[in-house]
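Below is one structure; the comments refer to it alone.
The values are calculated or read from the model by the stated rules, or taken from the named source; none is laboratory data. Since we're looking at a predicted model, the values are computed, not measured. We place every Cβ from the backbone using ideal geometry, glycine too, and count neighbours over all the protein chains shown.
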Amino acid sequence: MIVLSFLLLMGCQKKPQLYSKVFTGPFDTITQYMSYATNKDDFDSQCQMIKEKLEYYDRLFDKYSSYDDINNVKTINDNAGIKAVKVDQALIDLLTISIERYKTISNKVNIAFGSVIDIWHDYRERAESHNGVGDVPSKKELEKANLHTNIDSIKIDKKAKTVYISDKLVSIDVGATAKGYAIELIKQDLIKSGVDNFLLSGGGNVASHGKRKITKEGDFYLKECQDEFCVGIESPKNGNFSHKEGDADSENEAVLVVQGESIVTSGDYQRFYEDIHGVRYHHLIDPATLFPAVHFRSVSIITDDSGLADFLSSAVFLMSYEDGLKLVNSLDGVEAIWLLEDGKIRMSNGLKDNDRVYVIDKSRLK
């Protein structure tokens with residue numbers, strides 16, 4: 001009777017189903033979430049938590065808008081040279097880890113670089129109102145702003161939970177780190193709440209956990225994609241990465257199997273404008289030149305921590321391939337994929353085509 005009761009109970013349990021949802025708004029990007037759940041109510045509650053958390057972090061890390069109920073990055077910048085500002089712990093943690101990574105991993109990503117980034121942001125916004133064509137800031141204008149980018153001017157009091165900028169012309173910008181950091185916090189919240197499988201993607205930042213609960217049918221580049229989650233490396237779809245019209249593979253250049261890893265991509269093909277000569281100026285600014293970096297079309301970082309992946313994708317994008325490869329290979333559990341300007345693809349030492357990563361066009365491998 002006990003065995004029979006157990007079997008009847010098991011028979012009443014619902015099988016998991018794959019649910020997915022797309023929503024827009026936070027961080028000015030499209031967020032996609034998919035997970036296997038036993039009912040839609042559970043999945044919807046997960047989505048509600050994700051949306052609320054994203055909206056909170058978006059406001060907290062915002063440098064352009066003020067809010068009545070929260071002190072954020074803009075509040076700190078507005079009080080530069082005036083007074084310290086008390087902020088929530090999540091912002092203290094983001095600023096602290098960003099400064100630590102700047103000093104120990106790479107000085108290519110500087111959260112005190114806002115005065116220079118603001119200039120490029122303003123020029124890009126003006127260009128957007130003129131069909132994406134605009135002027136280019138002068139070297140003199142950029143160099144003047146660059147005099148106020150010292151990261152040591154950011155003073156953090158962890159005990160009081162305050163942030164003070166000693167130079168009134170320094171501006172904090174966490175655009176290269178905030179989204180990945182927020183995705184990682186939400187990923188950990190989902191895991192703590194008992195969600196044992198999911199893919200969470202927010203504008204080039206993808207976090208994963210667990211495996212598929214139902215084997216996916218169909219033909220795949222990698223057989224592992226039937227039982228595990230797979231993520232595509234997006235194609236720029238122009239220049240030397242142009243594809244024939246109607247090509248089914250044109251969305252991605254490679255496919256990776258993930259089981260707990262995060263993948264973050266930085267590229268030149270989404271936020272940009274052009275000058276009257278057709279030269280493209282994207283949003284990833286090299287602190288060495290004060291102009292957009294011209295090494296690659298994109299860099300994708302694969303590692304467990306989405307926040308670290310976001311930091312590294314920006315840093316490596318701003319380096320030569322040789323320097324970027326050296327950095328990636330020096331870090332445990334970190335891999336990278338580069339899409340080069342000439343249409344070629346390179347991978348770090350721990351990645352190999354057809355072994356949990358599949359490059360669709362083999363002729364691109366370099």
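Residues considered: Ala182, Ala178, Ala207. Of these, the only one that is touching a Leu at 6+ places or on another chain (Cβ under 7 Å), of a type in the set (A, V, I, L, M), under 21 Å from Leu18 (Cβ atoms) and at pLDDT 95 or above is Ala207.
Within segment 27-51, residues that are more than 13 Å from Leu190 (Cβ to Cβ) sit with their Cβ atoms under 6 Å from residues that are among the polar types (S, T, N, Q) and in a strand (DSSP E or B), at 6+ positions apart or across chains, in these pairs: Ile30/Thr24; Gln32/Ser201. Annotation note: of Leu199, Leu290, the sole residue that is surrounded by 18 or more Cβ atoms within 10 Å (Cβ to Cβ) and either at pLDDT below 95 or under 26 Å from Ile119 (Cβ atoms) (or both) is Leu290. Scanning segment 238-252 for residues that are touching an Asp or Glu at 6+ places or on another chain (Cβ under 8 Å) and either in a loop (DSSP other than H, G, I, E, B) or modelled with pLDDT of 95 or more (or both) returns His243, Asp249, Glu251.
Being among the aliphatic types (A, V, I, L, M) and touching a strand residue (DSSP E or B) at 6+ places or on another chain (Cβ under 7 Å) is the filter; apply it to segment 166-202 and report the residue that is farthest from Thr24 (Cα to Cα). Filtering segment 166-202 for residues that are among the aliphatic types (A, V, I, L, M) and touching a strand residue (DSSP E or B) at 6+ places or on another chain (Cβ under 7 Å), the one farthest from Thr24 (Cα to Cα) comes out as Ile172. Looking at the structure I just gave you, is Leu290 touching a residue at least 12 places away in the same chain (Cβ under 8 Å), within 30 Å of Leu91 (Cβ to Cβ) and not assigned by TED's automatic domain parsing to the domain that holds Ser115? Considered against the rule, which asks whether it is touching a residue at least 12 places away in the same chain (Cβ under 8 Å), within 30 Å of Leu91 (Cβ to Cβ) and not assigned by TED's automatic domain parsing to the domain that holds Ser115, Leu290 comes out as yes. Among residues of segment 120-140 that are not assigned by TED's automatic domain parsing to the domain that holds Arg271, those with a Cβ under 6 angstrom from a residue that is assigned to a loop (DSSP other than H, G, I, E, B), sequence gap 6+ or separate chain, pair up as Tyr123/Gly134; Tyr123/Pro137; Arg126/Gly134; Ala127/Gly134; Val136/Asp275.
Contact annotation: residue pairs with Cβ atoms under 6 Å, 6 or more positions apart or on different chains, pairing a residue in segment 338-350 that is on the phi < 0 side of the Ramachandran plot with a partner that is small (Gly, Ala, Ser), are Leu339/Ser298; Ser348/Ala336.
Conditions (1) part of a loop (DSSP other than H, G, I, E, B); (2) more than 18 Å from Leu60 (Cα to Cα); (3) in contact with a Gly (Cβ under 8 Å, 6 or more places away or on another chain); (4) outside the structural domain of His283 (by TED's automatic domain parsing), marked per residue:
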residue: Leu142; (1), (2), (3), (4): no, yes, no, yes
residue: Ala145; (1), (2), (3), (4): no, yes, no, yes
residue: Lys159; (1), (2), (3), (4): yes, yes, no, yes
residue: Val170; (1), (2), (3), (4): yes, yes, yes, yes
residue: Gly175; (1), (2), (3), (4): yes, no, no, yes
residue: Gly180; (1), (2), (3), (4): no, no, yes, yes
residue: Gln188; (1), (2), (3), (4): no, yes, no, yes
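Applying the condition of being outside any helix (DSSP H, G or I) and of a type in the set (A, V, I, L, M, F, W, C) to segment 30-80 and asking which residue is surrounded by the fewest Cβ atoms within 10 Å (Cβ to Cβ) yields Ile30.
Kindly list, by first and then second residue, each pair from a residue in segment 204-229 that is of a type in the set (Val, Ile, Thr) to a residue that is in a strand (DSSP E or B), limited to pairs with Cβ atoms under 6 Å and residues at least 6 apart or on different chains. What qualifies is Val206/Val231; Val206/Ile263.
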